[in-house]
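Notes for the one structure printed next.
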Amino acid sequence: MIEEILSKKELNKDDIITLLQVEDRNDVILLYEKADEIRKEYCGDEVHLRGIIEFSNYCEQDCLYCGLRKSNSSLTRYRMRKEEILSTAGDIYKNGIHTIVLQSGEDFDYTGEEIEDIITNIKSEFNIAITLSLGERSFSEYKIWRTAGADRYLLKHETANPKLYSAYHSNQKLQDRLDHLIYLKSVGYQIGSGNLVGMPHQTVKDIADDIILCEKLDVDMASFSPFIPSPDTPYRKQRACDINSILKVMAVGRIVLKNAHIPATTALGTMDQYGREKGLQVGANVIMPNYTPSPYRERYAIYPNKKCVNDNPGLCASCLGLMIDSLGRSIGTGQGHSLKN
Ligand code: SAH
């Protein structure tokens with residue numbers, strides 16, 4: 001039966017649910033092979049590296065799963081200022097990486113003008129793509145940052161189930177997130193969205209809806225990442241996502257979304273020593289090495305024991321090069337823009 005589903009051109013929701021639930025060893029292998037085949041056909045063998053700078057761990061939001069939540073008073077907070085961000089951007093560029101991701105909690109201490117200035121400076125100094133991941137900001141700021149040269153915006157929808165969304169995010173509504181994503185696309189950003197897998201109360205139908213939502217939004221990048229319980233959050237005692245579940249979601253995501261970029265996330269590498277390697281073999285084509293300098297990087301504690309938190313970023317790049325090589329893949333040579341149109 002799974003062969004029949006895998007040979008279809010378009011999958012419906014029932015097909016997606018069936019694929020997400022395959023347990024038989026041979027079926028799982030078929031699923032992973034199909035995802036890898038589609039990745040090769042639509043994305044090629046290049047693995048795009050996106051150097052990430054987590055420049056502030058202050059956050060106005062109180063998401064129940066996230067270690068950066070406002071109510072977490074045990075976290076030492078930090079903000080990197082322009083000079084530090086620019087010099088880290090220079091490190092990323094010197095390491096031959098062609099995309100820089102600026103990520104933070106929802107921190108309104110940075111004005112729209114400050115972020116604009118950082119974008120303008122990075123773009124004038126380095127030939128590099130910029131992805132912003134700052135949470136929800138105003139539409140006028142998105143527009144200004146796009147004009148200043150930001151290429152992409154990563155804003156995960158986290159869950160496509162509006163009830164769960166409101167349960168996880170006390171003050172936020174799913175529809176707002178979606179409106180932001182639609183606006184971002186309309187002003188010319190390449191958009192990234194995606195979910196968390198293995199969250200409390202989440203069902204396989206919800207995960208199918210997450211994948212279908214990514215398809216509807218026509219995302220340029222989809223990030224499916226495993227939930228890892230974070231101490232000092234209300235979800236600290238919840239069960240973590242298991243590796244097989246997340247790999248299946250990534251594989252089905254690849255089969256449905258075809259040419260969207262899909263990262264093998266740091267969370268995947270954290271839950272399993274070879275998680276990122278496994279992810280790259282079931283549909284992923286992106287890795288986001290962490291360039292946040294010490295002592296900040298250990299404080300960007302979204303979840304505990306983050307992969308490579310003690311490594312030197314330069315070493316990280318060469319270690320990833322070896323890993324990508326060993327899989328018969330190559331590091332992306334261009335900026336790794338959207339593969340759509
Ligand atoms: N403030 C930005 C960036 C959020 S942090 C925003 O709102 O978009 C980046 C991602 O970390 C989130 O989108 C979420 O999917 C992920 N994350 C948060 N807590 C997590 C946890 N406990 N386990 C795994 N991933 C988590």
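Bridges between two residues of the chain, per DSSP, are antiparallel at a rate of about 5%.
Within the straight-line cut-off of under 28 Å between alpha carbons, the lysines reachable from residue 306 are 70, 82, 94, 156, 237, 248, 278, sequence neighbours fewer than 8 places apart in one chain being disregarded.
Here's the picture: charge each Lys and Arg Cβ at +1 and each Asp and Glu Cβ at -1 in the stretch 30-330, and of 102, 226, 300 the one pushed furthest to the positive end of that dipole is 226. A helix-only calculation puts the chain at -13000 deg cm²/dmol for mean residue ellipticity at 222 nm, using -39500 (n - 2.57) for each DSSP H run of at least four residues, averaged over all residues. Residue ranking by accessible heavy-atom surface, 1.4 Å probe, largest first, among 340, 248, 173 comes out as 173, 340, 248.
Taking the chain, the Cys residues with no second Cys beta-carbon under 4.7 angstrom are 43, 59, 214, 241, 308, 316, 319. The listed residues 333, 265, 18 rank as 333, 18, 265 when sorted by accessible area, largest first, using a 1.4 Å probe. Taking all Cα-Cα distances within the stretch 1-73, those exceeding 19 Å account for 60%.
With one equal scatterer per alpha carbon and no solvent term, the Debye-computed log10 I(q)/I(0) for the chain at 0.09, 0.12 1/Å reads -0.44, -0.81. Rounded to the nearest 0.05, the FRET efficiency derived from the C-beta distance between residue 323 and residue 84 at R0 = 41 Å is 0.90.
Surface listing: 179, 210, 14 arranged by accessible area from highest to lowest gives 14, 179, 210, probe 1.4 Å. What residues of the stretch 55-78 lie in the reach of a label at residue 170, counting those whose backbone N is under 16 Å from a point 7 Å from the Cα along Cα→Cβ? Within reach of a label on residue 170: 59-74. Ligands, DNA and RNA left out, the 1.4 Å accessible surface of the chain is 49% carbon and sulfur atoms. Peptides 56-63, 1-8, 111-118, ordered by how many other C-beta atoms sit within 10 Å of their residues on average, highest first, read 56-63, 111-118, 1-8.
The values are calculated or read from the model by the stated rules, or taken from the named source; none is laboratory data. Keep in mind the model is a prediction, meaning the values are calculated, not measured. Note that each Cβ is placed from the backbone with ideal geometry, even for glycine, and that neighbours are counted across all protein chains shown. In case anyone asks, the SASA skips ligands and DNA or RNA and just uses the protein heavy atoms, side chains included. Shrake-Rupley method; radii C 1.70, N 1.55, O 1.52, S 1.80 Å.
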